[in-house]
Amino acid sequence: MNEDSYTTTFTVDQSPAQAFAAITNVRGWWSGEIDGRTDELGAQFTYRYQDIHRSKQEITELVPGKRVAWHVLDGYLSFIADKTEWSGTDITFDIAATDSGTEVRFTHAGLVPQGECFDSCSNAWGFYINTSLRNLIATGKGEPNKKEKKSEKVADRELVSQN
């Protein structure tokens, strides 16, 4: 792992084209409200998860079957002191055909171990990339709402316990 980034890699049996299609279907694997095109070079899209995280990404590279890159234009994380820690960072998905299948390498350049968000953000990325995105590519079904549903259950339990 590069010391100036978070990187994780997985391999699937599907083609690079299938991996590319799943990656650009951001709503299929990343929880939250997503506004804007996620499959067009130069497009900008916003991501918001409750009042915890919001960010605006610009798609800076889109090479079918090979690479997707986003530049985080603006970011807000409510749970850390430097709420703009993601601003100016870059997120890439490199796709390569290998002897064992299609490799997807995810990198969030600028998400660094010494950053306050690193532990929670790398854990979240680990789930969204290695579980949700991987499943979307492999089975056609991601798990983008897992964390939201969990939050609703906790809220329901709190409401019941108050009554």
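The values are calculated or read from the model by the stated rules, or taken from the named source; none is laboratory data. The structure displayed is predicted, hence computed values, not measured ones. Ideal geometry is used to build each Cβ from the backbone, glycine not excepted, and the neighbour counts take in all protein chains shown. Heads up: the accessible areas ignore ligands, DNA and RNA and are worked out on the full protein's heavy atoms, side chains in. Shrake-Rupley method; radii C 1.70, N 1.55, O 1.52, S 1.80 Å.
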Got a sec? Which residues in the stretch 75-93 would a label at Arg48 touch, if it sits 7 Å along Cα→Cβ and we count backbone N under 15 Å? 75-78
How many nm separate the modelled label positions at Arg27 and Asp74, each set 7 Å beyond the Cα in the direction of the Cβ? 2.2
Quick check: at a probe of 1.4 Å, how many percent of the accessible area of the stretch 1-103 sits on carbon and sulfur atoms? 46
